[in-house]
1. Only counting other Cβ atoms within 10 Å, I'd like 65, 158, 80 sorted with the fewest neighbours first.
2. By how many degrees, 0 to 90 and rounded to 10, does the Cα axis of helix 110-124 deviate from the longest principal axis of the chain?
3. Assuming R0 = 41 Å, can you tell me the calculated FRET efficiency for the pair residue 151 and residue 125, based on Cβ-Cβ distance, to the nearest 0.05?
4. For a Förster distance of 41 Å, can you work out the FRET efficiency between the beta-carbons of residue 67 and residue 91, rounded to the nearest 0.05?
5. Counting other beta carbons within 10 Å of each Cβ, put 96, 131 in order, fewest first.
6. Most mobile of 61, 134, 87 per a Gaussian network model of the chain (Cα springs, under 10 Å)?
7. Using a 7 Å offset from the Cα along the Cα-to-Cβ direction at both residue 137 and residue 18, what is the distance between the two label points in nm, to one decimal?
8. Quick check: pseudo-label points 7 Å beyond the Cα along Cα→Cβ at residue 110 and residue 84, how many nm apart are they?
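What follows is calculated from the coordinates using simple rules that are stated; it is not laboratory data. Treat the numbers as computed from the prediction; the structure is a model and nothing was measured. Here the Cβ is made from the backbone with ideal geometry for all residues, glycine too, and neighbour counts use every protein chain on show.
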């Protein structure tokens, strides 16, 4: 029990998904072609219990990494509150975090790309959806969509 308190309480997959949904950025970690790690915070959106999307340019380090090894790790923190506990004279941090493993692939289907971009825009810029169709007509062909399909249930941890 003491070990569990130290590491944070484990939560179920549904709770972990809520952490991903609340986090403004999700760090996507992958492996570079030379074998070194590469992780960066991205604006992801979740479609369902196993599917996430992000968009990017048609070239760059992310795509180089994913073309060699499509396995990715997702991590997010939706709450982070450092605290000094007077009664214990202890420095600590309260947090909600989640991690997951998945497989990344490039979306080529036009309708799925539009659906992914709609989900992203609805999550991050819902007040501007009346401009969505115009933006799609202008930039869909030069926008790359990456789909991440989870290969195992996510795990959440917290220290309330």
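1. 80, 158, 65
2. With rounding to tens, the tilt is 40 degrees.
3. The value I calculate is 0.85.
4. The pair residue 67/residue 91 has a calculated efficiency of 0.40.
5. In increasing order of surrounding Cβ atoms, one gets 131, 96.
6. Of the options given, 87 has the highest mean-square fluctuation.
7. Here the answer is 4.2 nm between the modelled labels.
8. Distance between the two pseudo-spin positions: 6.2 nm.
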